[in-house]
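In what follows, a single structure is set out as structure tokens and then discussed.
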Amino acid sequence: PGRYVVRLRPNEKTLVADLVVQLREQLLASTDEASVRRLFPPAYADDPERDAGYQVLTRDELLERKLAAIEVVERTLERGGELDDDAMAAWMGTLNSLRLVLGTRLDVDEELPSLDPDDPLAPAYAVYEYLGWLLSQVVDALSPDLPPPTLDPRG
């Protein structure tokens, strides 16, 4: 309990490493770019003025946490070995961020399109699906350590 090992093939390690580098570069370039905006959701969608104030207060801290999580993923990809709960949470957050950004760029909705393998978007959709699968593996690995659900709505 609380100890995990991420086992990826060399080509999967290369893919994840490349993707996290691209995510870091995008986050450092602009957090207002459309595909990254979903990583910084509005708190007051119907009140732009209040939301702007909220973003000023929280965006830098959220960005720092995302960048720190990327560092954990990069470090654990390089050295391998056991990961603790915090490292797995960093993996989960980073994989989710990668999937959100790619999904936004692909304009993904509930139904993924059936693409011909020769379609230029086919590789991007394959990566999107792979990230979803990998994220589900992380969630499944973390699930046994979660407390059991309670029927009492007060917790």
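The values are calculated or read from the model by the stated rules, or taken from the named source; none is laboratory data. These numbers were taken from a predicted model, which means no experiment stands behind them. Please note: Cβ atoms are built from the backbone with ideal geometry, for glycine as well, and neighbour counts cover all protein chains shown. The area values use the complete protein model at the heavy-atom level, side chains included, leaving out ligands, DNA and RNA. Shrake-Rupley method; radii C 1.70, N 1.55, O 1.52, S 1.80 Å.
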(request) Step through the residues of segment 94-111 one at a time and calculate ³J(HN,Hα) from phi using the Karplus curve (6.51 cos²θ - 1.76 cosθ + 1.60, θ = phi - 60°), rounding each to whole Hz and writing x for Gly and Pro. (result) 5, 4, 5, 4, 4, 5, 5, 5, 5, x, 5, 4, 8, 6, 6, 10, 5, 10
(request) Tabulate in residue order the Karplus-calculated ³J(HN,Hα) for segment 32-43, using 6.51 cos²θ - 1.76 cosθ + 1.60 with θ = phi - 60°, rounded to whole Hz; enter x for Gly and Pro. (result) 9, 5, 3, 6, 9, 4, 5, 6, 10, x, x, 8
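For the chain, report the accessible area per residue in Å² (1.4 Å probe, heavy atoms, rounded to an integer).
Details: 10290 Å² over 155 residues.
On a per-residue basis, 66 Å².
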(request) First check a/c for segment 30-90, with a ≥ b ≥ c the square roots of the eigenvalues of its C-alpha gyration tensor; if it is under 1.5, answer rounded, and if not, answer prolate when a/b is larger than b/c or oblate otherwise. (result) prolate
(request) Please work out whether segment 1-53 counts as rounded, prolate or oblate from its C-alpha gyration tensor, where a ≥ b ≥ c are the square roots of the eigenvalues and a/c under 1.5 means rounded, while otherwise a/b larger than b/c means prolate and anything else oblate? (result) oblate
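Under the rule a/c < 1.5 gives rounded, and otherwise a/b versus b/c splits prolate from oblate, where does the chain land using the Cα gyration tensor? The partial results should precede the final answer.
Details: a/c = 1.39, a/b = 1.07, b/c = 1.30.
In terms of gyration-tensor shape, rounded.
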(request) Could you go through segment 139-144 in sequence order and give the Karplus-derived ³J(HN,Hα) for each residue, using 6.51 cos²θ - 1.76 cosθ + 1.60 with θ = phi - 60°, rounded to whole Hz, and x for Gly and Pro? (result) 4, 4, 5, 7, 4, x
(request) Set Lys and Arg Cβ to +1 and Asp and Glu Cβ to -1, take the dipole of the chain about its Cα centre, and tell me which of A45, Y128, V16 lies farthest positive. (result) V16
(message) Just to verify a number: what accessible area does L23 come out at with the full protein assembly present, 1.4 Å probe, Å² rounded to tens?
(response) 10
(request) Leaving ligands, DNA and RNA out of it, report the carbon-plus-sulfur percent of the accessible area of the chain at a 1.4 Å probe. (result) 53
(request) Can you sort L28, L112, L121 by 1.4 Å-probe accessible area, starting with the largest? (result) L28, L121, L112
(message) Over the chain, what is the relative contact order in percent, taking alpha-carbon pairs closer than 8 angstrom and at least six residues apart?
(response) 30
(request) Provide the solvent-accessible area of R3, counting protein heavy atoms only and rolling a 1.4 Å probe, rounded to the nearest 10 Å². (result) 130
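If you rank E33, E61 by how much accessible surface each has, with a 1.4 Å probe, what is the order from largest down?
Numbers: E33 70, E61 105 Å².
Result, largest first: E61, E33.
Could you work out the helix-only [θ] at 222 nm for the chain, with each DSSP H run of four or more residues adding -39,500 (n - 2.57) and the total divided by the number of residues, to the nearest 500 deg cm²/dmol? The partial results should precede the final answer.
On the way: 5 runs with 99 residues, N = 155.
So the calculated ellipticity at 222 nm is -22000 deg cm²/dmol.
Which value, in debye to the nearest 20, gives the size of the charge dipole of the chain about its Cα centre, when Lys and Arg are +1 and Asp and Glu are -1 at the Cβ? Don't skip to the end; give the middle numbers.
On the way: 16 positive and 30 negative charges, 108 e Å.
I would put it at about 520 debye.
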